[in-house]
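The values are calculated or read from the model by the stated rules, or taken from the named source; none is laboratory data. Values in this document were obtained by computation on a predicted structure and should not be read as measured data. Here the Cβ is made from the backbone with ideal geometry for all residues, glycine too, and neighbour counts use every protein chain on show. Just the protein is used for accessible areas: all its heavy atoms, side chains included, with ligands, DNA and RNA removed. Shrake-Rupley method; radii C 1.70, N 1.55, O 1.52, S 1.80 Å.
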Amino acid sequence: MRLELDGEMVERARKLAKEVTDEVQKFIDLRSTDSVERTVSRLFGIDGVNSEGAPLPNVVVDDVKIGGGLKRGIAYWIANGCVAKNLDPQGLAEAVGRKEFSLVKIPPQNEGLVDQKMDELAAKAIEKIEDVRNKRDKMLEELGDPKKPYIYVIVATGNIYEDVVQARAAVREGADIIAVIRSTAQSLLDFIPYGPTTEGYGGTYATQANFKIMREALDDIAPKVGRYVRLTNYASGLCMPEISAIAALEGLDMLLNDSMYGILFRNINMMRTFVDQYTSRLICAFSHITINTGEDNYIKTSDPIERAHTVTTSQLINEQFAIKAGMDPKYMGIGHAFEIDPDVENGFLYEVSHALLTRTLFPYATPKYMPPTRYMTGNIFKGYAQNTLYNLVSIMTDQSIHLLGMLTEAIHTPLVQDRYLAISNAKYVFNNAANFGSEIELKKDGFIQREAQKVLENAVSLLEHVKEVGLMAAIEEGTFGDISRRMDEGKGSDGVFVKGEDYSNPLIEEMERLLGVRR
Amino acid sequence: MINNLDLEHLRPYGDQLNDGVIQLSFTLPVPAGAKAREAAKRLIESMNFSDVQIVHSEDIGEDFTFFVVYAKTTRDVNYKEIKTLEVEVPKMGMEEINEKVFKYLKRQIVIVGATIGSDAHTVGLDSILNMKGYHGDSGLERYRAFKVYNLGSQVPPIELVKKAREYNADVILVSQVVTQRDIHIKQLTELADILDAEKLRDRVLLVVGGPRITHELAVELGYDAGFGSGTMPSEVASYIVEKMVKIS
């Protein structure tokens with residue numbers, strides 16, 4: 001099934017998206033955030049909490065921030081402290097946690113020694129990430145990559161040990177990807193909770209210990225089912241780059257990571273999100289973590305047919321931001337969704353058209369397709385039918401990451417049998433219609449072709465407008481998801497700062513160099 | 001209603017009057033097999049069912065077994081003696097509502113809406129408030145008679161109350177969609193308590209909606225009205241106008 005798109009228009013769309021993001025990148029390059037600095041602390045080996053339960057990465061960054069030194073970058077202060085006190089970063093952070101001293105009060109040490117220390121800590125961090133990455137790449141090769149679309153299911157009991165039980169059951173039933181949904185509103189916490197957790201609402205806290213527990217469980221079951229099992233979590237919100245760092249350390253395979261989601265749907269400050277997403281994506285690109293972008297959300301709040309072009313526009317913007325972070329297209333899980341009102345005549349044709357447009361526009365990416373949620377009701381039998389059509393569109397249009405629809409969507413978090421029924425439905429449809437898509441030739445100038453072309457044209461006009469006013473002003477206008485956010489508002493704005501002349505961050509610079517994006 | 005119906009002894013209708021057939025599905029955390037099937041059968045029999053048929057049982061991994069069961073209930077219910085609390089409003093059209101508001105109140109009604117606490121789902125709230133509405137029934141934003149502030153999702157109850165005061169709200173509309181371990185009850189109670197403490201409760205019409213909400217539950221929690229799944233924006237609009245006009 002081939003969509004004939006106007007090649008010049010596709011090129012034009014990409015060029016516009018690049019120009020739009022080039023402008024934003026200029027702002028990004030001048031700035032850092034508290035979360036970016038905490039990320040550096042974590043990758044330098046700082047972990048754990050102080051006696052009041054505050055995570056040590058927060059403790060050291062706050063210490064330097066209060067002392068007025070953050071513009072120089074946390075890397076310098078940690079290295080300077082390590083040289084002066086002859087401690088490793090963890091020992092240093094623990095001492096700061098006990099309030100023995102403040103990092104900014106330590107006299108400046110020999111510059112050469114401090115630089116050397118920074119480079120040494122950066123090199124060690126890079127090596128750690130590379131080790132995890134290489135181990136995963138090797139496992140994937142040995143165990144074998146499952147057929148696409150990958151079957152993606154969510155567990156969300158609130159208790160990581162209970163999640164493990166459900167995840168293992170889901171893998172036995174055929175799941176290829178396990179996503180542990182986060183506890184509600186974790187995205188608004190300006191720190192990452194510590195340790196294994198057994199209480200959460202609507203999900204389980206994303207902590208490094210929880211990542212480790214689930215990773216071990218999946219690695220244990222993978223050889224038994226004879227295929228690699230991917231683990232997913234969420235890097236949106238105020239700790240975007242930090243979550244990427246702990247995901248890189250614990251060998252996660254995917255992260256929900258969108259360049260604008262936090263701004264629109266969590267009312268996080270624009271600048272904070274743009275700066276954070278850059279570091280976050282560098283880490284993902286370097287760690288071979290597939291990002292999942294969040295365009296499905298737009299058409300949950302605005303009309304999926306009338307506003308289909310906003311999905312396309314955002315996909316192109318997300319792609320350009322990912323390219324700027326040195327990401328290989330195969331790690332770009334470009335998001336979209338099956339959300340059209342089931343009462344719309346030919347709704348199925350619209351869905352095929354939109355899904356095929358995503359597939360065609362991003363031939364080297366791994367599109368992430370999301371199930372119906374908006375028009376799911378308590379009628380689980382109808383919901384099961386809606387999910388069947390969703391599965392059919394996915395296999396017909398060759399999607400890569402397929403989040404399963406649950407028949408109890410909009411009622412409660414999935415019961416064990418809901419997940420089982422969803423997996424059997426998907427397996428049935430994927431097998432039964434395996435080569436359906438490649439058997440079909442689309443009617444020239446037919447409904448599906450025309451609709452896709454129209455959405456692309458509208459996306460180009462929108463991108464022209466966005467280029468003219470700038471992405472930030474476009475967000476203020478409510479371009480995406482019909483939600484308007486102002487540049488100066490939103491959570492976490494006080495955590496953004498302009499880097500000083502003497503700012504140093506050798507870790508991020510080294511990653512940029514290795515990814516070939518050093519500016 | 002069909003003939004020969006004994007309303008004092010109402011039973012489910014499968015394919016014959018009073019056959020009492022009910023379908024069930026559930027999972028037992030034991031390995032599939034004859035023993036699991038027998039356990040399922042005994043469990044259902046212990047729940048006042050007869051003629052239990054395990055029509056499907058399947059190993060769904062990690063020692064879980066899924067069952068689909070048909071059985072006949074041995075119980076019935078007296079339909080005649082049931083009294084329920086439902087929001088009773090005459091349904092009005094958009095123009096009728098607009099006219100009524102301007103005739104009797106001579107101003108717009110201010111409505112503040114949000115999903116509170118941990119709930120991130122705005123589907124229900126948006127379908128009632130957004131212009132577009134639901135299934136061709138326009139949302140409250142489309143009515144000239146209403147000034148709507150949609151605060152979106154995960155608004156802390158205290159913040160909602162603050163905004164209600166700031167906008168001088170006549171109506172507070174909260175939606176609760178997805179919840180776990182009855183957290184929605186806690187959050188709804190918290191909102192009602194704050195309104196009481198702030199002495200605002202008597203000055204606003206407090207309305208809640210969501211798939212697990214009934215009018216009865218809403219009243220029990222100290223709300224004026226509760227609307228369940230499938231409620232149309234025009235029903236909520238009619239209710240608000242009816243009440244507001246009565247109050248004034």
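Remarks
- Residue in segment A:452-472 that is more than 28 Å from A:ILE317 (Cα to Cα) and either open to solvent by less than 70 Å² (accessible area, probe 1.4 Å) or of a type outside the set (Gly, Ala, Ser) (or both) present: no
- From the options A:ILE181, A:ILE221, residue that is open to solvent by 10 Å² or more (accessible area, probe 1.4 Å), within 14 Å of chain B (Cβ to nearest Cβ) and among the β-branched types (Val, Ile, Thr): A:ILE181
Rundown of residues vs (1) outside any loop (DSSP other than H, G, I, E, B); (2) modelled with pLDDT under 95; (3) open to solvent by 20 Å² or more (accessible area, probe 1.4 Å), yes/no style:
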{"site": "A:VAL311", "(1), (2), (3)": "yes, no, no"}
{"site": "A:SER314", "(1), (2), (3)": "yes, no, no"}
{"site": "A:ILE317", "(1), (2), (3)": "yes, no, no"}
{"site": "A:MET327", "(1), (2), (3)": "no, no, no"}
{"site": "A:ASP341", "(1), (2), (3)": "no, yes, yes"}
{"site": "A:GLU345", "(1), (2), (3)": "no, no, yes"}
{"site": "A:VAL352", "(1), (2), (3)": "yes, no, no"}
{"site": "A:LEU356", "(1), (2), (3)": "yes, no, no"}
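- Inside segment A:120-147, residues that are among the charged types (D, E, K, R) and touching an Asp or Glu at 6+ places or on another chain (Cβ under 8 Å) make up a count of 1.
- No other residue among B:LYS186, B:LYS147, B:LYS103, B:LYS162 is of a type in the set (Lys, Arg) and either under 25 Å from A:GLU409 (Cα atoms) or within 22 Å of the chain's Cα centre (by Cα) (or both) apart from B:LYS186.
- Flag if B:LYS132 is open to solvent by 10 Å² or more (accessible area, probe 1.4 Å) and not in a loop (DSSP other than H, G, I, E, B): no
- Here A:ARG2 meets the list (1) more than 24 Å from A:ALA123 (Cβ to Cβ); (2) in contact with a Pro (Cβ under 8 Å, 6 or more places away or on another chain) almost entirely, failing just condition (2).
- Those strands (runs of 3 or more DSSP E) of segment B:22-123 in which 2 or more residues are open to solvent by less than 30 Å² (accessible area, probe 1.4 Å), of a type outside the set (Val, Ile, Thr) and modelled with pLDDT of 95 or more occupy B:65-73.
- Extreme residue, nearest to B:ASP76 (Cα to Cα), among residues of segment B:7-44 that are among the acidic types (Asp, Glu) and without any contact (Cβ under 8 Å) to a residue 24 or more places away in the chain: B:ASP15
- Filter pass, A:ASP47 being open to solvent by 20 Å² or more (accessible area, probe 1.4 Å), in contact with a Pro (Cβ under 8 Å, 6 or more places away or on another chain) and not aliphatic (A, V, I, L, M): yes
- Residue pairs meeting the criteria (Cβ under 8 Å; at least 6 apart or on separate chains; first more than 13 Å from A:THR310 (Cβ to Cβ), in segment A:449-462; second open to solvent by less than 20 Å² (accessible area, probe 1.4 Å) and not aliphatic (A, V, I, L, M)): A:GLN449/A:SER353; A:GLU451/A:SER353; A:ALA452/A:SER353
- Residues that are touching a helix residue (DSSP H, G or I) at 6+ places or on another chain (Cβ under 7 Å) and surrounded by fewer than 23 Cβ atoms within 10 Å (Cβ to Cβ) within segment A:25-41 comprise A:GLN25, A:PHE27, A:ILE28, A:ARG31, listed in sequence order.
- Filter pass, A:ALA206 being more than 22 Å from A:ILE46 (Cα to Cα), under 16 Å from the mean Cα position of the chain (by Cα), more than 14 Å from chain B (Cβ to nearest Cβ) and not in a helix (DSSP H, G or I): no
- When every residue of segment A:427-448 is checked against the conditions, at least one turns out to be surrounded by 19 or more Cβ atoms within 10 Å (Cβ to Cβ), over 30 Å from A:ARG12 (Cα atoms) and more than 25 Å from the chain's Cα centre (by Cα).
- From the options A:ILE268, A:ILE263, residue that is within 16 Å of A:ARG182 (Cβ to Cβ) and either of a type in the set (Asp, Glu) or open to solvent by less than 10 Å² (accessible area, probe 1.4 Å) (or both): A:ILE268
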